[in-house]
Structure formats: C-alpha cells, structure tokens
1. Considering only DSSP beta bridges with both partners in the chain, what is the antiparallel share in %, to the nearest 5?
2. As an exercise, take the mean of 1/r over every pair of distinct alpha carbons in segment 153-231, invert it, and state the Kirkwood radius in angstroms.
3. Using modelled amide H (1.01 Å from N, peptide plane; none on Pro or chain starts), what sits under 5 Å from the amide H of I73, excluding residues fewer than 5 places away?
4. What three numbers, in Å, describe the spread of the alpha carbons of the chain along their principal axes, ordered from the longest?
5. In segment 276-291, whose amide N lies under 17 Å from the spot 7 Å out along Cα-to-Cβ of E267? List them in ranges.
6. Under a 1.4 Å probe, what is the accessible area of the chain per residue, stated in Å²?
7. For the chain, what's the relative contact order in percent, using C-alpha pairs closer than 8 Å and at least 6 residues apart?
8. Please report the spacing between the Cα centers of segment 274-305 and segment 409-455 in Å, no decimals.
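The values are calculated or read from the model by the stated rules, or taken from the named source; none is laboratory data. Everything numeric here is computed off the predicted structure, so don't read it as measured data. Note that each Cβ is placed from the backbone with ideal geometry, even for glycine, and that neighbours are counted across all protein chains shown. Please note that ligands, DNA and RNA were not included when accessible areas were found on the heavy atoms of the full protein model with its side chains. Shrake-Rupley method; radii C 1.70, N 1.55, O 1.52, S 1.80 Å.
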Amino acid sequence: MSSTRSRSLALAGATAVSLTALTACGTSTDGTDGAPGGTVRLSVNGQPPTTQAFERELFDKHVKQFEKANPGIDIVPHEGFMDPKTFNAKLAGGRLEDVFYVYFADARGLIAKHQAADLTDHVKDMPHRGDVQDALMKVFQDGQGRQYGLPTANYSMGLLYNRALFTKAGLDPDKPPRTWADVRAAAKRIAELGGNTTGYADFSKNNQGGWHFTAELYSRGGRVATEQGGRWKAAFNSAQGKATLQDLYDMRWKDDSMGSKQLLQAEDVQRMMGSGKLGMYVSAADNITVIAKQFGGRYQDYGLAPVPDAKATLIGGEGYMINPKAPPEKIKAGIKWLQWKYLDPDLVERNIRDNLAAKLPVGLPMPPTPDIWKGSVRDRVEQAKRTHANVPVGNYQPFTDAAPHVTGVTEPPEAQQVYAALDNAMQAVLTDKDADIDALLATAEKKVNQIYSAL
C-alpha cells in the first residue's frame with residue numbers, strides 16, 4: 001500500500017506479471033556509459049506521472065537534491081514502474097533503463113535468466129546494508145547468496161478490523177483476535193448486530209481469491225508450493241489448506257457471519273469497511289488509507305493486528321535491479337541513487353515532513369516510513385513515526401510490535417496462474433453450500449502442478 005503510487009501495494013499480488021519467460025536484455029539507449037573521472041548519466045524509472053502532482057514534484061525534487069550532492073551523476077528519470085504492456089519489448093529491444101523497478105515476485109526469474117546485474121561486490125560497503133531486513137534482501141539473492149537487487153518498500157498482511165464495531169459488539173478493540181478461532185467467534189458477534197452488518201469478508205475473484213487463500217494459508221504455517229531439486233510442486237492440499245477453506249465455509253454457511261453477497265474483490269470489501277458495516281478482513285496497512293480517502297472511513301475507527309495464528313505472513317513489495325550490461329560506473333552510481341533515495345534512515349525525517357505538508361498519513365506501517373528496517377534502525381524509524389504521527393498509531397501497534405517476529409514468505413512462483421486456479425476453490429466454498437473441500441483442493445492441485453510442470 002504505497003502512498004507514492006496509484007496502485008496499492010496490497011494488490012501487488014493481484015497485479016504483478018511474471019517476467020520469468022523473458023529471454024533477452026540490453027542496455028539503455030539513454031546517454032553514454034560513464035568513464036572514471038567523468039559524469040555518469042544514469043537512466044532510472046519510478047518517476048510518477050504528472051497526474052500524481054505531489055508524488056511527481058517530490059520525486060523531481062529528490063533528483064535535484066541527489067545531483068547536487070553527487071555532481072558526478074546525472075539522473076535521467078523515466079515515468080512508470082512496471083508496465084506489463086511495454087516491459088517485454090523494452091527488455092528485448094535494449095531500451096530498459098539502467099536502474100529498473102521490479103515486484104518481489106519477479107526478482108527470482110530475472111536472476112535465473114541473468115537479466116540483472118550482480119551487485120554483490122558493490123553493496124558490501126553500502127551504508128545501512130546490514131540494517132535492512134534479511135528476508136527482504138534475500139528476495140533479490142540467488143541460491144549462492146549473490147545480490148542482484150535492493151528492496152525499497154514492502155507490505156505484509158495483517159488483520160484489519162473495525163474498532164467501532166468491536167466496541168458495539170461488546171468486544172475489546174485493544175485485544176484483536178489472535179487466532180482463526182478468535183476471528184470466527186468475533187465475526188459471529190459482529191454479524192449478530194444486524195442491520196446488514198458483516199463479521200468477516202474475503203476476496204474470491206480476479207486472482208485476488210487465490211492471493212488471499214495464500215495469505216491465510218501462510219498464517220497457519222502452510223505453503224502453496226515447495227521446491228525439490230529445482231522443480232516446484234503444489235503443497236496447499238494439506239491440513240492447513242483444508243482448515244483455511246473449512247473456516248471460510250463455516251463462517252459463511254454455519255455462522256452466517258460473512259453475508260450473502262460474495263464474489264468480492266478489494267474495492268468491494270474496502271467499500272464495506274468504509275460504510276461501517278464490516279468487522280474484519282485480511283489486509284495490509286495501505287488499505288486503511290484507501291478506505292479513509294476513497295470510501296468515507298475514519299482513521300480512528302480502524303485497527304491492524306497480526307494475521308491470525310501468525311505462523312507466517314505473506315509479504316510482497318518492490319525494489320530495483322540494474323541492467324545486466326551496465327558498466328561498473330553505472331552500477332556504482334545506481335546503488336548510490338537507490339541508497340540515497342530509498343534506503344537511508346537519515347532521510348526519514350525529510351520524508352515525513354514532505355508527507356505532512358501534503359496532508360498524507362504518517363504513522364501507518366507503510367511509506368513514508370516503510371517497514372524495511374531491523375534492529376536499532378527500525379526502533380529509530382518507529383520513534384520518528386510516533387513523534388510526527390497524524391493518525392492513531394496505537395491502533396496499529398499490535399501489528400507493528402509483532403512484525404519483527406512473524407516469518408515473512410513471498411508469493412509462490414507463477415503466482416498469477418496459481419491464484420487463478422485457487423480462485424475457483426475460494427468461490428465455491430463461499431457460494432455453494434454443498435462445496436466439497438477435498439475435491440476443490442485436489443482439482444486446484446492438479447492445475448497448479450500442470451503449471452509447474454511446464455516450467
């Protein structure tokens with residue numbers, strides 16, 4: 001859920017495109033390679049479009065500030081982040097920027113096909129390299145631990161809940177559900193308020209159902225897929241997979257706590273939460289901003305807790321990689337830009353001031369203070385966030401406190417195809433009272449194994 005882009009990071013799992021099938025990469029056509037002692041002209045993407053006035057102005061201001069501090073580097077910014085319609089052609093045609101944006105889900109495939117520069121030797125002495133969460137750095141590493149990119153923002157899933165409805169239902173909003181059994185019990189209490197109030201909601205179409213199944217499965221300790229000998233195989237037809245669907249079935253059909261309207265996606269559920277008629281759903285922090293800005297919600301009405309059971313949580317996010325044909329001068333300049341722009345906790349105060357001036361939220365576990373740090377640096381960033389917060393930080397403290405202790409797991413390979421297969425299972429348990437969970441999982445397992453066998 002990034003405040004710097006129009007699309008939500010929480011929907012990255014539903015919008016990311018697999019780039020692992022790409023087979024060629026060239027250098028950027030912008031500028032010339034830098035020579036020792038000369039100016040390095042560095043093309044980078046990630047510049048927001050002019051329709052996002054604040055974000056564009058801020059990005060361009062940062063470019064000027066960076067160039068002033070680093071007179072030997074000339075930044076050539078390009079609009080855009082990840083455009084599925086043009087990325088393939090840019091990669092194959094040699095028009096890819098020197099520093100390019102990627103989703104977490106795509107990093108592994110690009111590394112496997114040698115479509116990103118090896119940064120290992122260049123980042124060893126990068127300031128604050130050791131303060132970034134290990135799990136996020138690992139997203140951009142190969143099997144030997146070589147580094148091919150840098151994370152710049154991430155999301156992790158939690159339980160978003162309506163504190164006002166909790167109070168109205170006689171539940172303690174400062175003690176959110178810790179287990180899936182707690183969720184079921186609380187959802188039933190909230191639904192019993194009547195007036196078309198729904199206790200718990202879930203996504204089930206446009207690949208978002210499979211995405212949420214994955215998040216809920218991870219929370220129970222299950223996995224969507226496992227790797228053996230370099231080959232992937234479906235792993236969700238398990239006790240955890242069955243429990244995930246069974247709880248949804250029971251809340252829908254036995255407890256009547258999920259309402260009769262199903263086949264929902266993100267904006268449907270956000271609208272329900274904004275109207276004050278929904279108790280809970282699995283989400284990342286940026287949904288709170290979307291609900292408040294687009295659907296009439298109030299920041300003080302919402303809380304964020306760790307995912308129920310919290311044996312693991314789905315993480316996703318974004319980072320940057322460098323063109324594999326970039327010379328050492330450009331690699332060095334690219335890393336300096338990324339560290340300065342995204343990975344410098346010394347600039348957190350700067351980012352907070354910019355967002356406060358634009359009346360954007362400060363205090364959520366998301367940009368301008370993304371939860372990418374660990375140890376004392378994380379403590380420092382969290383303190384700055386609390387000091388300058390313009391939203392009720394305490395409402396999200398259960399999530400923030402638990403985050404360092406919950407294992408983060410990235411999306412499975414070929415995530416979008418896998419999610420499409422799992423959508424069917426999610427839809428069935430929420431729309432068909434006679435749904436056969438074992439059969440649904442077996443059918444999805446067969447489809448996913450066919451996807452993986454084709455790799």
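1. 70
2. Over segment 153-231, the inverse of the mean reciprocal pair distance is 14.7 Å.
3. V40
4. In descending order, the Cα extents are 71, 51, 37 Å.
5. Residues 287-291 qualify, since their backbone N sits under 17 Å from the label point.
6. Per-residue accessible area for the chain comes out at 40 Å².
7. Computed value for the chain: 24 percent relative contact order.
8. First find each Cα centre; the distance between them is then 28 Å.
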